[in-house]
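Notes to accompany the following structure.
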Amino acid sequence: MSQDSPKRWIAVVGNPNAGKSTLFNALTGLRQRVGNYPGVTVEKHTGTAFTLHGEAVELIDLPGMYSMAARSPDEEIAVKVLRGESAGLPKPDAVLCVVDASNLERNLFLVTQVMELGLPVLVALNMVDVAEARGIRLHPDQLSEKLGVSFIPTQAHRGKGLVELRAALGQRLLKPGPRQWTMPPTLAVAVGQIASAWRQSEASELRAEGKALELLAGSNVGPDGARKLATAWRERFRKEAYDWSASVVHARYEYVRKMLGEAGIRSGKLGGTWTDWIDAVVLHPVAGWAVLVGMMLTLFVSIFSIAAYPMGWIDAAFVWIGGVMQGALSEGLFRDLLIDGILAGVGGVVIFLPQILILFFFLGLLEDSGYLARAAFLLDRVMHRVGLSGKSFIPLLSSYACAIPGIMATRTVEDPKDRLTTILVAPLMSCSARIPVYTTLLAAAVPVALVPVWGKAAAMLGLYVLGTGTAFILAWLFRKKLLGGGSPPLILELPPYRMPSFQTVSLRMWERAILFLRRAGTVILALSIVLWFLSSFPNTSADPTEKLAGSFAGQMGHGLEPILRPLGFDWRIGIGLVASLAAREVFVSTMSIVYHVGGEEEGLVTAMRSATWPDGALIYTPLTCLALLVFYVYALQCLSTVAVAKRETGGWKWPIFMLLYMTGLAYLAAWLVQVVGRALGFS
Amino acid sequence: METSKNRTEGDSLDLTQVVSGDEVRVRHLNCAPTTCQRLREMGFCENALVTKIRGGADLVCWVCGTRVALSARLAKQILVEHVDGKS
């Protein structure tokens with residue numbers, strides 16, 4: 001290829017979980033998220049790869065698909081790119097099909113469809129190590145000869161076969177020859193006529209037949225004559241009760257099986273693998289649930305026990321920095337801004353980084369091991385009762401990390417009503433941004449020394465269960481009563497287990513740490529400065545409490561107090577609630593500024609525990625802390641979630657509904673906690 | 001203990017009625033057209049060989065070299081026959 005010729009665009013396609021993103025990362029050096037469950041990639045990503053001769057080619061990593069007949073939004077993205085109908089991307093010049101070598105029958109079914117796009121095709125025979133371990137003998141040369149396109153064996157996760165793949169990408173890729181699968185006679189007549197009507201505009205026979213099948217399936221892109229003919233044939237098949245699409249699937253599979261048989265490639269046998277042994281336990285109706293609950297408990301105990309050490313170090317570091325600043329700077333507004341504003345705000349949140357990393361470590365293990373799909377399987381029964389399928393559980397579980405990827409992951413959900421319901425309840429799953437709020441309020445509710453680690457873990461688990469349980473109840477309400485219709489049946493591929501990759505898990509933790517620290521250094525820093533200003537001016541008194549009360553923030557808090565008083569919240573909590581509308585963790589930094597405690601977690605908890613109402617009664621009683629915790633379990637305090645919900649639902653209607661119902665629910669639930677708690681004699 | 005029911009020649013047998021560990025051949029799909037098509041694309045097409053790995057409220061099957069989880073109500077719509085010809 002000449003240096004001056006335009007870059008070639010190559011689409012990377014394949015079944016879900018075939019290793020497309022791993023191969024894409026290996027070829028481009030990028031770090032797209034990978035995992036061991038179907039539906040990790042839900043968006044197209046581009047990156048530059050270089051052939052062995054140094055030619056730059058643009059690769060487009062696409063979401064996984066089982067066929068060219070898209071049934072979910074993520075599959076639609078892939079199909080649109082392949083057909084050149086995706087805004088902002090040119091039609092690909094070639095296709096790199098990534099197939100799972102241990103599951104060739106189903107993977108090659110998709111390849112036969114991709115070949116009909118009429119584009120040059122190269123096949124990466126990925127995971128050859130897995131196939132060989134299962135006793136499958138592969139013959140890439142025979143496959144290449146039979147299908148008429150090149151097959152390159154690869155092990156993307158180990159970087160094997162990449163040189164050969166780069167070399168192949170640099171050569172002239174082969175355009176597939178004529179169709180090899182046998183079309184049923186009735187259908188062949190229809191396809192022949194439609195293809196002839198369409199081929200007036202293009203030449204390739206295979207492409208014309210592929211286009212004819214697309215038109216028959218309902219595509220409206222093509223000349224009028226061909227479309228009318230396709231409509232007429234579709235109607236005729238309907239009247240004759242001829243399921244033409246079933247016959248096509250059948251014919252393709254027949255061809256693939258015959259071809260694999262002739263190439264001497266047998267399917268892998270079932271049984272006797274680690275996956276079978278592990279599944280015997282984790283899919284067991286009783287033991288499976290015990291494993292799931294045990295894993296969740298381990299996660300929460302780790303969040304408190306293991307994280308306590310690094311949190312102590314960060315705490316000590318901020319105390320030391322505060323001390324140095326106190327000594328080095330003379331008294332005045334600048335020192336106040338640094339210590340009471342920036343250090344208190346940023347330090348108050350950064351201290352929770354170890355807990356968030358532990359959460360991501362565990363989620364990374366679940367995703368990379370292959371367990372996530374099993375959890376969805378176990379929960380399908382529960383999900384079915386609320387009108388969803390187990391498939392919706394994967395986006396919901398992702399929302400424990402953050403609602404934004406969780407909402408994006410709903411693209412794998414085929415049923416539009418299921419998808420909308422999942423989006424609406426996803427923010428109820430307690431995300432990592434709630435951890436700082438939960439930890440602070442739990443510590444404020446009960447003296448830390450009085451509660452053993454398992455007690456804190458159980459309390460934290462209780463908050464997660466409250467959010468999840470409510471999400472299920474509301475999913476039922478939305479799905480059955482608001483949106484209507486039945487729940488779709490579960491069809492979900494369970495990938496083989498694999499040892500979680502240290503690199504993948506640590507990379508995810510690293511990326512999350514960077515994201516968290518970037519947020520602390522931008523959004524939280526900016527809000528801390530604004531809040532310090534609002535809580536310092538106008539300076540009406542030398543007494544810190546009176547000064548805060550008379551400040552802009554104090555006036556706003558006092559204005560809100562009549563609304564918040566029924567919940568047991570005072571005006572200072574009101575400042576925290578308003579400030580954390582943008583992001584939940586801002587509540588902790590706000591309270592650190594409000595109570596002038598620097599970046600120390602213990603200092604904030606002590607200040608909160610000694611805060612009183614004007615009559616001397618404690619504000620942060622266990623009951624008020626519980627009401628505040630419940631408020632944060634339910635409230636949608638995250639502008640980014642609103643923005644992503646708007647994008648994924650295509651308008652403002654549902655994000656506004658989400659904001660209103662979650663805020664209303666949070667207020668009502670916190671009020672009920674106070675009313676019921678007081679009625680039971682708690683204060 | 002799960003048992004194969006209605007294993008008489010000519011009677012229809014759905015996937016929920018198959019004993020775990022048995023290999024069967026898909027004879028007919030009786031579900032909504034889009035669901036049928038997705039099942040076929042995932043390997044559950046007519047004449048395909050399927051091994052039931054686990055039964056219960058939801059099922060796990062081995063088809064085309066992969067494990068696929070199915071809800072029981074969907075499995076009831078997959079009519080099969082034993083590979084020895086008995087249905």
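The values are calculated or read from the model by the stated rules, or taken from the named source; none is laboratory data. Bear in mind that the values here come from a model prediction, so they are computed numbers and not experimental data. Note that we place each Cβ from the backbone using ideal geometry, even for glycine, and neighbour counts take in every protein chain shown.
Scanning region A:435-445 turns up no residue that is crowded, with 24+ Cβ neighbours inside 10 Å, aliphatic (A, V, I, L, M) and in contact with a Ser or Thr (Cβ under 6 Å, 6 or more places away or on another chain).
When you scan region A:233-270, how many residues do you find that are among the small types (Gly, Ala, Ser) and farther than 19 Å from residue A:138 by Cβ?
5
In region A:377-389, the residues that are farther than 17 Å from residue A:286 by Cα reach residues that are surrounded by 24 or more Cβ atoms within 10 Å (Cβ to Cβ) and at pLDDT below 85 with C-beta atoms within less than 7 angstrom, at least six apart or across chains, in these pairs: A:383/A:389; A:383/A:390; A:384/A:487; A:387/A:487; A:388/A:487; A:389/A:487. Among the residues of region A:135-182, those that are under 33 Å from the mean Cα position of the chain (by Cα), touching a residue at least 60 places away in the same chain (Cβ under 8 Å) and surrounded by fewer than 18 Cβ atoms within 10 Å (Cβ to Cβ) comprise A:159, A:163.
Matching residues to (1) within 14 Å of another protein chain (Cβ to nearest Cβ); (2) modelled with pLDDT of 90 or more:
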site: A:394; (1), (2): yes, no
site: A:409; (1), (2): no, no
site: A:421; (1), (2): no, yes
site: A:425; (1), (2): no, yes
site: A:434; (1), (2): no, yes
site: A:438; (1), (2): no, yes
site: A:442; (1), (2): no, yes
site: A:446; (1), (2): no, no
site: A:451; (1), (2): no, no
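Of all residue pairs spaced 6 or more apart or on separate chains, those with beta-carbon atoms under 7 Å, a first member in region A:478-498 that is within 7 Å of chain B (Cβ to nearest Cβ) and a second member that is surrounded by fewer than 24 Cβ atoms within 10 Å (Cβ to Cβ) and of a type in the set (Lys, Arg) are A:489/B:73; A:491/B:38. Among the residues making up region A:243-289, a single one is facing chain B (nearest Cβ under 8 Å), farther than 20 Å from residue B:66 by Cα and in contact (Cβ under 8 Å) with a residue 40 or more places away in the chain: A:245. Of all the residues that make up region A:34-67, how many are surrounded by fewer than 17 Cβ atoms within 10 Å (Cβ to Cβ) and assigned to a loop (DSSP other than H, G, I, E, B)? Count: 4. Tell me yes or no: at least one residue of region A:237-250 is over 41 Å from the mean Cα position of the chain (by Cα) and under 21 Å from residue A:117 (Cα atoms). Checked against the condition, which is being over 41 Å from the mean Cα position of the chain (by Cα) and under 21 Å from residue A:117 (Cα atoms), region A:237-250 yields no hits at all.
Where in region A:472-573 are the helices (runs of 4 or more DSSP H), entirely inside, with at least 3 residues that are over 30 Å from residue A:375 (Cβ atoms) and of a type outside the set (Val, Ile, Thr)? Can you show your working first?
On the way: elements: A:502-519, A:525-536, A:544-550, A:552-564.
Result: A:525-536, A:544-550, A:552-564.
If you go through region A:302-327 and keep only what is in contact with a Lys or Arg (Cβ under 9 Å, 6 or more places away or on another chain) and either at pLDDT 85 or above or of a type in the set (Asp, Glu) (or both), you end up with A:325, A:326. Summed over region A:61-86, residues that are away from chain B (no Cβ under 14 Å) and more than 18 Å from residue A:408 (Cβ to Cβ) total 4.
The criterion of at least 1 residues that are of a type in the set (D, E, K, R) and in contact with a Leu (Cβ under 6 Å, 6 or more places away or on another chain) is met, among helices (runs of 4 or more DSSP H) falling completely within region A:257-370, by A:333-336. Cβ-Cβ distances below 6 Å connect the following pairs, each with a first residue in region B:44-67 that is free of Cβ contacts under 8 Å to residues at least 12 places away in the same chain and under 22 Å from residue A:127 (Cβ atoms), a second residue that is outside any strand (DSSP E or B) and small (Gly, Ala, Ser), and a separation of six or more residues or different chains: B:65/A:267; B:65/A:268. Evaluation of residue A:43 against the conditions (1) away from chain B (no Cβ under 14 Å); (2) touching a strand residue (DSSP E or B) at 6+ places or on another chain (Cβ under 7 Å) shows that the sole unmet condition is (2).
Among the listed residues A:588, A:597, which satisfies the condition of being part of a loop (DSSP other than H, G, I, E, B), farther than 23 Å from residue A:668 by Cβ and of a type in the set (Val, Ile, Thr)?
On the way: A:588 fails: part of a loop (DSSP other than H, G, I, E, B).
Matching residue, one of A:588, A:597: A:597.
Residue A:93 meets each of the listed conditions (1) on the phi > 0 side of the Ramachandran plot; (2) surrounded by fewer than 19 Cβ atoms within 10 Å (Cβ to Cβ); (3) touching a residue at least 40 places away in the same chain (Cβ under 8 Å) apart from (1). Hey, any hits in region A:219-238 for a residue that's within 30 Å of residue A:21 (Cβ to Cβ) and in a loop (DSSP other than H, G, I, E, B)? Yes; the residues of region A:219-238 include at least one that is within 30 Å of residue A:21 (Cβ to Cβ) and in a loop (DSSP other than H, G, I, E, B). Each residue in region B:20-47 was checked for being outside any strand (DSSP E or B) and either crowded, with 21+ Cβ neighbours inside 10 Å or facing chain A (nearest Cβ under 7 Å) (or both), and 13 of them qualify. Number of residues in region A:441-471 that are in contact (Cβ under 8 Å) with a residue 40 or more places away in the chain and part of a helix (DSSP H, G or I): the value is 20. Select from region A:183-207 the residues that are under 21 Å from residue A:256 (Cα atoms) and of a type in the set (A, V, I, L, M) and write down the one among them that is farthest from the chain's Cα centre (by Cα). Among them, the one singled out is A:188.
Name the residues in region A:375-431 that are assigned to a loop (DSSP other than H, G, I, E, B) and among the polar types (S, T, N, Q), would you?
Initial filter on region A:375-431 (assigned to a loop (DSSP other than H, G, I, E, B)): A:386-389, A:399-402, A:413-415, A:429-431.
Of everything in region A:375-431, those that are assigned to a loop (DSSP other than H, G, I, E, B) and among the polar types (S, T, N, Q) turn out to be A:389, A:399, A:430.
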